[in-house]
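Single-structure report; data block below.
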Amino acid sequence: MGIVPKLIRFFYVVHLVLLLIGVHGSVHGRLLSIPPKPDPADAAATARWLVSQNIWGVLNTISSDLGGAPFGNVLSFSDGLPNEGSGIPYFYLTPLDPTARNAMKDQRASFAVSEYSLGTCGKKDPENPSCAKMTLTGKLKLLDTSSKEAEVARSALFSKHPEMEWWPPSHGFQAYKLEIENIFLIDWFGGARPLTVEQYLKYKM
């Protein structure tokens with residue numbers, strides 16, 4: 001084989017390897033920046049870790065357009081500045097989106113996050129109990145734009161989702177929070193972990 005074909009083959013292999021690394025990084029690219037997963041026996045630590053490290057989840061509301069049917073929406077969120085989370089999920093929503101409109105008529109909502117999206121579950125199926133997942137249930141509330149909490153919420157959201165700050169003002173985006181009333185956490189075999197809202201919110205990151 002001549003030198004030219006060998007070089008072509010070499011660069012092809014290098015390109016393929018870099019492509020594969022890039023694909024892997026796009027799926028598990030946050031692994032290096034994620035703190036170690038807490039001991040599954042520590043429910044509060046695991047729950048707060050899940051919310052602190054995730055940046056999106058599925059927010060479910062009661063649909064006003066579908067006769068009260070549940071409506072799930074994939075949404076970005078933040079519970080605080082990176083690694084300084086409060087545990088309270090904040091959202092940046094527009095009334096053009098059904099989720100915000102639903103909340104104006106019925107505040108009941110639930111929010112689900114999974115460890116799988118962090119890339120720390122390896123080859124486990126997302127439904128494997130050792131791949132932690134959690135549903136927070138409560139009320140989805142619009143924050144007073146001029147309030148201190150709304151300012152905190154916007155800072156938290158923009159720190160993890162920088163493009164939000166430049167979303168069209170004409171769309172009327174505003175900060176919302178999920179006021180948590182119940183926690184359903186699975187992080188190991190044996191069923192849901194008992195965890196109160198007070199225990200969850202008092203945990204220090």
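Out of the residues in segment 155-177 meeting the condition of being assigned to a helix (DSSP H, G or I) and in contact (Cβ under 8 Å) with a residue 40 or more places away in the chain, tell me which one is surrounded by the most Cβ atoms within 10 Å (Cβ to Cβ). Working first, answer last.
Just the residues of segment 155-177 that are assigned to a helix (DSSP H, G or I), to begin with: 155-160, 162-166, 169-171.
Narrowing the set further to residues that are in contact (Cβ under 8 Å) with a residue 40 or more places away in the chain leaves 155-157, 159-160, 164, 171.
Details: Ser155: 14, Ala156: 25, Leu157: 23, Ser159: 15, Lys160: 19, Met164: 16, His171: 12.
Looking at the filtered set, the residue picked out is Ala156.
The test for being in contact with a Leu (Cβ under 9 Å, 6 or more places away or on another chain) and hydroxyl-bearing (Ser, Thr, Tyr) does not hold for Thr145.
For segment 132-140, the criterion of being part of a loop (DSSP other than H, G, I, E, B), touching a residue at least 40 places away in the same chain (Cβ under 8 Å) and over 24 Å from Glu179 (Cβ atoms) is met by none of the residues. Pairing residues of segment 178-205 that are in a helix (DSSP H, G or I) and modelled with pLDDT of 95 or more with residues that are exposed (fewer than 14 other Cβ atoms within 10 Å of the Cβ) and not polar (S, T, N, Q), at Cβ distances under 7 Å and at least 6 apart in sequence or on separate chains, gives Val197/Glu181.
The values are calculated or read from the model by the stated rules, or taken from the named source; none is laboratory data. Nothing here was measured: the structure is a model prediction, and the numbers come from that model. Note: ideal-geometry Cβ built from the backbone for every residue, glycine included; neighbour counts use all protein chains shown.
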